[in-house]
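Notes for the one structure printed next.
The values are calculated or read from the model by the stated rules, or taken from the named source; none is laboratory data. Being a predicted model, the structure only gives us computed values, none of them experimental. As a convention, Cβ positions derive from the backbone with ideal geometry for all residues, glycine included, and neighbour counts pool all protein chains shown. To get the accessible areas, we keep the full protein, side chains included, count just its heavy atoms, and leave off ligands, DNA and RNA. Shrake-Rupley method; radii C 1.70, N 1.55, O 1.52, S 1.80 Å.
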Amino acid sequence: MKNSDILQSVMKEFRALAAIPRPSGHEKAVSDYLLTHLKEMGLMVVQDERNNIIADLPAAHGRENAPRVILQGHMDMVCVAAPGVAYEPLKDAIKLVEDGDVLRADGTSLGADDGIGVAVILHILRHLKDHGPVRAIFTVDEERGMTGAIHLDEKYLKDAQYLINCDSENLDELCVGSAGGVDLTFSRTLKLVAAAKEKAWRLSVGGLQGGHSGEEIGEGRANALRLLSLSLAAFSEAGVDFSLASLAGGKAKNAIASDATAIIVTAAPEEKLREVLMQEEQTFRRTYSVTEPALHLSLVEAPPADQVIAADDAANLLRILRLFHTGVYQMSAVTPGMVETSSNLGVVRMEGAEVDIVFYPRSSVEGKLFEFCRMAKDLAELTGFALHIGTLAPSWDEDKDNPLARVITEIFEQQQGKPMKVETIHAGLECGWFYRKNPQMKFVSVGVTTHDIHSPKESLELPTVAPLVELLSAALTKLAEQ
């Protein structure tokens, strides 16, 4: 097929996925679609109790004894919208915008992570020739907790020799290792008291890039929740007496918070508040002059507040936001230039008196994750919060010298006329869980080129779609000859 025909075919699959709301934890509709779609293609399909989809494409005639290869992607997506954009993730389709060679969404995340991987696999299943047995696995809930991969029956992995994950973000990079991670959620029922008869103000941090808390954590981007907590500290340091009525921000544990808002009640004059914020904004702009050119703080009068958070509880809430590490923690001693360990302050949610704070540490060294868990326990005890430690997602140890990697890098260089980079990434991939279930299998991860995933600026380079299809198709044919 010509590249233009391949792109058109893959985009048809992607548009169908974009029309189906599929935030993490709400994949039943897209899972049902894939079940029906794959059956109509003539494949043998299973939908498990978690709504994972497993589809088998029998080998071409004469290739029955070739090793089984798994193509794998996840069907859920991180759903975020730009400030002021009306978007209901459980109801609204993604509105696609083609701008020359770039595909993006109209004010929301695009869902190319990993909708484009799923679409590429669907195209390949329909058009592949001269192949051995191929299995497609589409998992749920990758972005939130990888529960689809965790609970996938190992029988779907035991009879395969190779797995190609299609969830990477650069066409010319082959991933052969990834970081692990763990959810840390601090929760508390706050004590609320009657608010003083003083003005209420809404303080907001906005204009930040946000982005993926693994792939972009090393780029020096600011976290809106951290900046908001520092701005409130500046009020106290300047002698401004205020009460905190609410605080919230962030969209997902694995997205760098790009906006955050607090409501405060104070008798301080507006001029004093703006003077403090102007100084903070200038400090932030100097600190993040390269990475956050659109950073801004805003202050507007808010409707009167009936209740505020008791002073001690508010102080402990802000302490957690300032004390728990956010950003790069340590660079790798093994791979120069790669982040080894980081943590992201992803979300603060408040409903009435209930507050949840979600941090997400990542590391390619499991022991560092245990350190963060111990740190979190101490901080929870000191501040009166309850701590929930989620399931620790394993890292996928770097494996550059495996036959699957060699096949793909050789084909890439033949097709593109340049070598393929072989890297380990500071982000979580489901390969870590699959490796636990079948450590004999060989793994790699590939993908088209995308930018700013997990943010409203997410985009996809359309000219990288057909080359990925051709790379994978050639690799499947080559592996069938073994």
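For segment 283-302, filtered to residues that are over 16 Å from Ser258 (Cα atoms) and open to solvent by less than 50 Å² (accessible area, probe 1.4 Å), the residue that is farthest from the chain's Cα centre (by Cα) is Ala302. Given the criteria open to solvent by 10 Å² or more (accessible area, probe 1.4 Å) and either touching a residue at least 12 places away in the same chain (Cβ under 8 Å) or assigned to a loop (DSSP other than H, G, I, E, B) (or both), does Gly428 qualify? Here the answer is yes, as Gly428 does meet what is asked.
Comparison of Leu228, Leu247 shows that the only residue that is at pLDDT 95 or above, assigned to a strand (DSSP E or B) and surrounded by 24 or more Cβ atoms within 10 Å (Cβ to Cβ) is Leu247.
Of everything in segment 436-461, what is in contact with a strand residue (DSSP E or B) (Cβ under 6 Å, 6 or more places away or on another chain), open to solvent by 10 Å² or more (accessible area, probe 1.4 Å) and not in a loop (DSSP other than H, G, I, E, B)? Give them in sequence order. The answer is Lys442, Thr450, His451, Ser459. So Ile150 clears everything in (1) surrounded by fewer than 19 Cβ atoms within 10 Å (Cβ to Cβ); (2) in contact with a helix residue (DSSP H, G or I) (Cβ under 6 Å, 6 or more places away or on another chain); (3) in a loop (DSSP other than H, G, I, E, B) except one condition, right? Which one? With respect to (1) surrounded by fewer than 19 Cβ atoms within 10 Å (Cβ to Cβ); (2) in contact with a helix residue (DSSP H, G or I) (Cβ under 6 Å, 6 or more places away or on another chain); (3) in a loop (DSSP other than H, G, I, E, B), Ile150 is out only on (3). Considering (1) charged (D, E, K, R); (2) under 22 Å from Lys253 (Cα atoms); (3) surrounded by fewer than 14 Cβ atoms within 10 Å (Cβ to Cβ), the lone condition that Asp114 does not fulfil carries the number (3).
Only one entry of Ser363, Ser343, Ser332 meets the criterion of being within 21 Å of Glu219 (Cβ to Cβ) and open to solvent by 10 Å² or more (accessible area, probe 1.4 Å), and that entry is Ser332.
Annotation note: of Pro89, Pro58, the sole residue that is within 21 Å of Leu17 (Cα to Cα) and either out of contact with any helix residue (DSSP H, G or I) (no Cβ under 7 Å at 6 or more places or on another chain) or polar (S, T, N, Q) (or both) is Pro89.
Within segment 96-134, the residues that satisfy the criterion of being within 20 Å of the chain's Cα centre (by Cα) and farther than 19 Å from Lys28 by Cα are Leu96, Leu103, Arg104, Ala105, Asp106, Gly107, Thr108, Ser109, Leu110, Val120.
Which of the residues spanning segment 149-196 are of a type in the set (D, E, K, R) and in contact with a strand residue (DSSP E or B) (Cβ under 9 Å, 6 or more places away or on another chain)? Listed by number, the residues that qualify are Asp153, Asp159, Asp167, Glu169, Asp172, Glu173, Asp183, Arg188, Lys191. If you filter segment 96-107 down to residues that are open to solvent by 10 Å² or more (accessible area, probe 1.4 Å) and in contact (Cβ under 8 Å) with a residue 24 or more places away in the chain, you find that the one that is farthest from Val465 (Cα to Cα) is Gly107. Taken together, the residues in segment 374-398 that are open to solvent by less than 50 Å² (accessible area, probe 1.4 Å) and either assigned to a helix (DSSP H, G or I) or closer than 20 Å to Ala149 by Cα (or both) amount to 10. Looking at Glu371, is it out of contact with any Phe, Trp or Tyr (no Cβ under 8 Å at 6 or more places or on another chain), part of a helix (DSSP H, G or I), acidic (Asp, Glu) and open to solvent by 40 Å² or more (accessible area, probe 1.4 Å)? Yes: the conditions hold for Glu371.
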